[in-house]
Amino acid sequence: MGRKWKKQHKMKEGAENRVQRPKKERPPTTNYEELIRENKDFETYYKAQKIVPEEEWDAFIVCMKENLPAAFRLTGNKNMARSLLHVMKKTFFEPLSQLVPPELTQEELDAGEEPVKPLKPVCLPWYPDNLAWQLNLTRRNIRRCEAYWQLHQFLISETETGNISRQEAVSMIPPLVLDVQPHHKILDMCAAPGSKTAQLIEFLHSSEDELSAAIPQGIVVANDADNRRCYMLTHQAKRLQSPAIIITNHDAAFMPNIHHTRKDGSVGPIKFDRILCDVPCSGDGTMRKNFDVWTKWNPVNGANLHGLQLRIARRGLEMLTVGGRLVYSTCSLNPLENEAIIQRLLVEADGSVQLVNVSDQLPGLKFVPGLEDWILMNREMEMIKSVEEIPVKNTNLFNKHLFPPSPEIREKLKLGRCVRILPHHQDTGGFFVAVLEKVKPLPGEKVYTEKDQEVEKIQSATNTQRIKQPPKKKRRQGFREEPYYYFEADEVVWPGIDSFYGIRKEVDAGLFLSRTKQGKKRNIYFTNSLIKDIVAVNQDHIKIINTGVKVLVRSDNKGAPCDFRLAQDGSQVLLPLITQRKITVTRNDLVIMLQNDDMEMPPEIVTLDPKTQEQCTDLCTGAIAFLYKGDDVTIELVGWKGNKSVRAYVAKNDRIHYLRLLGADTSKYEKNKFAEQRDLEAKNSSEPDLSVVDESVKSNNENEESMEDNSSGV
Ligand SMILES: C[S@@+](CC[C@H](N)C(=O)[O-])C[C@H]1O[C@@H](n2cnc3c(N)ncnc32)[C@H](O)[C@@H]1O
């Protein structure tokens, strides 16, 4: 019996330890539109807090009950984002400005339908380079107007390929005010699902220099306590092709120090230049899309979260370097989750941390200053104005730190520098942001000095020895990822790769890695040198979920001298590093390759431009990169050169994306239901109606609702 029990127990342990892969989210069964958007306690509570100027209260409440317009950013590589912006404005927004909305049929008039309202996309003025937009595409607009339908299809397909990212407007603010530079070490403490992490990565890759843009000096450590949600972060990172991101899985309130090798060779904890604390919160600023918050809201939710939020932010300040910036944000309007936290951090920091005034960093954004005074209420909606008034039944819930600062210290704290965004001001969700700067070490904080070097060098030597032998077993629960094996000087696959692709001399071969020690390597990844150092020094005490961009994939027996082909997933990183196997192609060549997705009959080299053919003559069979530089757009694709043919390795949605950027025909891959309907009608010789589509078309689009549904995009 003993053995059997032990075995069962062991199996159970094993199951718990196994890294949880993300499960497919099931669509909610609730009909969200029908949820009641009313909560008297919510109104009483916030009226008493005076977060909204009295004369704006009605506008605030009306707005809170309306659906949130969709907002999105054009993402990734800046040049590509600008080119896509050009296409979006010209091809999709311009026709909208001339659109005459279709008239209602008698049947629709009888059914009480309202006419389609003209739509004007709004560019968010405070987001750099016009890359963020907001628009109110309703299901009715999409169904009834071809121009809206086409814009919607465009947004969906570009979102699928990751060139557009759906994100609430206000949620774009924290990374902006973090003021990220490409050399910064950044920690995102509560990062999943990763929309803000994506912005941080984009800023890290924003150098004008090609090589530094592909491989920045700085890093982003993206952490989340939820193991399953860490895989959402992995997905984001993959999309952005950053060799400078590492995903970790820790409770941010107890985030372990992450070590690195300092310039003097000693090993010690990283002090981060930038830290984002986008903490878990009650989310009452998201009621315009998460309608269930209306019914769940109560006045003590905020107090319940205060402790966790404070511990996370406090740990963030400890990990921040002197001179560094920490942004604290929530999608809650509640002062107990916001100003009460900031107040407590400032008081504890005793002058070593200051609030930064960021109003000039957000041109055109309307917001209200942080509160200097607020009140507490218990579930019974009794107002509690001071510690002395806390009822005995609430002593577990409330403590003295939740109350506003006394008038004597109020002035010193400058809580008015916090930013609160109210939904009715610019048709957004509600949000809170505070930017803190560490101006000197925290009380009692030890800062690394020259004197510490000798002691730490000894630790460093010990650590380095440990690193060279990847830890064998005994990892923490849930920490079962394969270790990372960086190439060593005698790496057998390296000479073949180096000679075939001509890797630039300044690139260190030791930055390439694989996930398998024994046997054939299947995929080869790449990271920057700081990530390599972090992996080496921390691999056995930090739960690393993922790092490295896949740059090469094994492709045995395809008649090429090199066993590895280029991976499209990592082309932005690898192509700037290689000097061979790249050819310049014309627009027409690219269009030919993108229009042809026939695996059996790829385009023949003789059909390409004579100059392209000439470049092909000197190349043996194997992986190849195609470069196109147009006036408005630069495109780099990976593919394969055979004896007589070439092909581009591009997924279907990406093909549409590139064809769009080239201004070429996408109809091979995109069906226009309206055009199909017209053809059908013409065929039946009936009068075609060019603006209105019939019921069969309306219901025949499974993606129709995905740009205006209520899924989380915060
Ligand atoms: C507001 S969401 C973060 C949204 C994210 N920053 C974004 O922009 O996509 C809060 C996140 O905190 C995570 N979380 C909750 N408790 C945590 C803790 N103790 N430590 C770290 N992360 C935590 C949740 O899993 C959730 O993903």
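Side notes on the structure shown:
- Lys, Arg +1 and Asp, Glu -1 on Cβ, resulting dipole of the stretch 170-438 about Cα centre, debye, nearest 20: 380
- DSSP bridge pairs, the chain: antiparallel proportion in percent, nearest 5: 75
- Among Val220, Cys562, Trp133 - extreme Cα towards positive end, dipole of the chain, charges at beta-carbon: Cys562
- Both radii were evaluated on the Cα set of the chain; the Rg over Rh quotient, with Rh as the Kirkwood radius, amounts to 0.99.
- Counting other Cβ atoms within 10 Å as a rough exposure proxy, the listed residues Glu168, Glu372 run Glu372, Glu168 from fewest neighbours to most.
- Remark: Cys616, Cys562 ranked as Cys616, Cys562, counting other beta-carbon atoms within 10 Å and listing the fewest first.
- Dipole magnitude for the stretch 508-599: computed about the Cα centre from +1 point charges on Lys and Arg Cβ and -1 point charges on Asp and Glu Cβ, it is near 240 debye.
- Estimated from the Cβ-Cβ distance and a Förster radius of 45 angstrom, the FRET efficiency linking Met601 and Asp427 is about 0.30.
- Average Cα contact separation per residue, the stretch 170-438, under 8 Å, 6 or more apart, as relative contact order %: 20
- Computed from point charges on the beta carbon alone (+1 for Lys and Arg, -1 for Asp and Glu), the dipole magnitude for the chain about its Cα centre is near 3800 Debye.
- The local environment of Val322, defined by Cβ-Cβ distances under 15 Å, has a net charge of +2 under the rule Lys, Arg +1 and Asp, Glu -1.
- Fully extending the segment from Glu66 to Asp226 would add 54.5 nm, taking 0.36 nm per residue of separation and subtracting the current Cα-Cα distance.
- Separation of alpha-carbon centers, the stretch 599-652 and the stretch 297-374, rounded to whole Å: 53
- Packing-based exposure ordering (other Cβ within 10 Å, fewest first) of Val221, Val87: Val87, Val221
- Over the chain, relative contact order from alpha-carbon pairs under 8 Å, at least 6 apart, %: 15
- Cut-off under 5 Å, modelled amide H: who pairs with Ala567 long-range: Leu552, Val553
- Ordering Leu151, Leu74, Val122 by the projection of their Cα atoms onto the charge dipole of the stretch 69-167, which places +1 on the Cβ of Lys and Arg and -1 on the Cβ of Asp and Glu, puts Leu74 at the extreme positive end.
- Helix-only CD estimate at 222 nm, as mean residue ellipticity for the chain, using -39500 (n - 2.57) per DSSP H run (n ≥ 4): -9000 deg cm²/dmol
- Since only Gln98, Gly323, Leu662 are under comparison, the one whose Cα sits farthest along the positive direction of the charge dipole of the chain, derived from C-beta charges on Lys, Arg, Asp and Glu, is Gly323.
- Calculated FRET efficiency for the pair Glu94/Asp251, C-beta based, R₀ 41 Å, to 0.05: 0.25
- In Hz, Karplus ³J(HN,Hα) per residue of the stretch 541-553 (6.51, -1.76, 1.60; θ = phi - 60°; x = Gly, Pro): 10, 10, 7, 8, 8, 6, 7, x, 9, 6, 10, 9, 10
- Distance violations [Cα-Cα > 26 Å] among Lys263/Lys505; Lys40/Lys117; Lys263/Lys517; Lys185/Lys521; Lys296/Lys366: Lys40/Lys117; Lys263/Lys517; Lys185/Lys521; Lys296/Lys366
- Relative contact order %, the stretch 581-661, counting alpha carbon pairs below 8 Å whose residues are six or more apart: 33
- For Asn588 and Val368, the difference between the fully extended length at 0.36 nm per residue and the C-alpha to C-alpha distance is 73.9 nm.
- Here Lys550 is the anchor, and the aspartates and glutamates within straight C-alpha reach of less than 14 Å, apart from those fewer than 8 places off in the same chain, are Asp569.
- Förster radius 25 Å - calculated FRET efficiency between Asn130 and Asn357 (Cβ-Cβ, nearest 0.05): 0.50
Readers should treat all values here as calculations from the given coordinates under stated rules, not as data from a laboratory. As the structure is a computational prediction, the values presented were derived from the model and not from experiment. Glycine gets a Cβ as well: all are built from the backbone with ideal geometry, and neighbour counts include every protein chain shown.
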